[in-house]
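What follows is a set of notes on a single structure, which appears directly below.
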Amino acid sequence: MLPAYKYYMPPGPDFGPFVYSSPHSGRCYPASFKKASRLCALDLRRSEDCYVDELFASVPDHGAPLIAATYPRAYIDLNRDVMELDPLLFRDPLPVEAKTTTERVTAGLGTIPRVVAIGVPIYSNSLPLVEAENRISRIYHPYHAALARLLKQAHDQNGWSVLIDCHSMPSGPLQQDVKARDIQAQAATNSYADFVLGDRHGASCDPRLTVCAEEALSKMGYKVSRNVPYAGGYCTDHYSNRHEGRHALQIEINRALYINEHTLTKKSSFRALVKDINRLVAALSRIDLSSSQPMAAE
């Protein structure tokens, strides 16, 4: 059994206020999972944030740690509340505290997904609840414990902290976890953005952080959207508290920029995007949020 995550740490015991997380780029598919699935290997990978950990590999060079998932999103989704369990997936009764009616669970995209991102069922048969419990204890809890430790250290050492939650997105409305109204709003722009910055509509981070990321990417020629169609998920919400100087920003990268979305192989543009992500990380590393701006009144 492999560890739940990989660390990429900057040199020395201390680091700056930034922590980067890639919870969906894991690509270790257990043999038992592949046997239980009705899908081929390529279809299982449709939910993967392919190579996002590699895109952000320069993060330690800028004084920040990167934590990346080992196991794939189709196996366990680390960007969900631990109790988002799907009653349609399990043959046993769920705990009374299970959150069975959230939008994600209803779409089949709970902590243990029932479908891949394109909406196709993963399993031939329902699962015993103990399977979810094992994945959660072996993977979910260790990952979040490690991420929480990194953020605490960053905050303790700097007086403020930032989680950059790193993801990729399809170039079209292929995922069930995109709300219909967001698909329509995005479609109205005639093309999907290259990057989507999710700050939960200003709630999860100081606006200067979002502005810095947007300006850096725009200057490189990328089309940037804020919060549409992705405003930030569980991690962005859970690990942010602006009043305490704890900020979180989700970054979604259009997969068409760097992979063939049908074969999931890297394009020749992959290296150029790595260089641009390095420039983005460098720009973010220069920001100082030690004196955070107050939240705007609702």
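Worth pointing out:
- Cβ-defined net charge surrounding Ile259, 9 Å radius [Lys, Arg +1; Asp, Glu -1]: +2
- Mean accessible surface per residue for the chain, computed with a 1.4 Å probe while every protein chain stays in place, in Å²: 44 Å²
- Under the shape rule built on the C-alpha gyration tensor, where the axes satisfy a ≥ b ≥ c, the stretch 83-175 is oblate, since a/c reaches at least 1.5 while a/b does not exceed b/c.
- For the stretch 200-298, the alpha carbon convex hull comes to 114 Å³ per residue, rounded to a whole number.
- Carbon-plus-sulfur accessible fraction, the stretch 1-49 (probe radius 1.4 Å, protein heavy atoms only): 60%.
- Counting heavy atoms of the protein chains alone, Lys266 has an accessible area of about 90 Å² for a 1.4 Å probe.
- Rounded to the nearest whole Hz, the Karplus-based 3J(HN,Hα) values (6.51 cos²θ - 1.76 cosθ + 1.60, θ = phi - 60°) of the stretch 81-93 follow the sequence 4, 4, 9, 7, 10, 8, x, 7, 9, 10, 7, 9, x, with x at glycine and proline.
- Apportionment of accessible area to carbon and sulfur, the stretch 245-284, percent (1.4 Å): 51 percent
- Close amide H partners of Ile122, meaning residues 5 or more places away or on another chain with modelled amide H under 5 Å apart, are Val115, Val116.
- Surface composition of the stretch 88-128: carbon and sulfur atoms hold 55% of the protein heavy-atom accessible area at a 1.4 Å probe.
- Rg to Rh quotient for the chain, alpha carbon positions, Kirkwood Rh: 0.95
- Net charge of Cβ neighbours under 11 Å - reference Ala74; Lys, Arg +1; Asp, Glu -1: +3
- Net charge of the neighbourhood of Tyr234, taken over other residues with C-beta under 9 Å away and scored Lys/Arg +1, Asp/Glu -1, is -2.
- Label sites at Glu261 and Ser32, each approximated as a point 7 angstrom past Cα along Cα to Cβ, lie 3.5 nm apart.
- The chain: antiparallel DSSP beta bridges as a percent of all, rounded to 5: 40 percent
The values are calculated or read from the model by the stated rules, or taken from the named source; none is laboratory data. Computed from a prediction, not measured in an experiment: that's the story for all the values here. Cβ sites come from the backbone with ideal geometry, for glycine too, and all protein chains shown count toward neighbours. Protein only, heavy atoms only, side chains kept; ligands, DNA and RNA dropped before computing areas. Shrake-Rupley method; radii C 1.70, N 1.55, O 1.52, S 1.80 Å.
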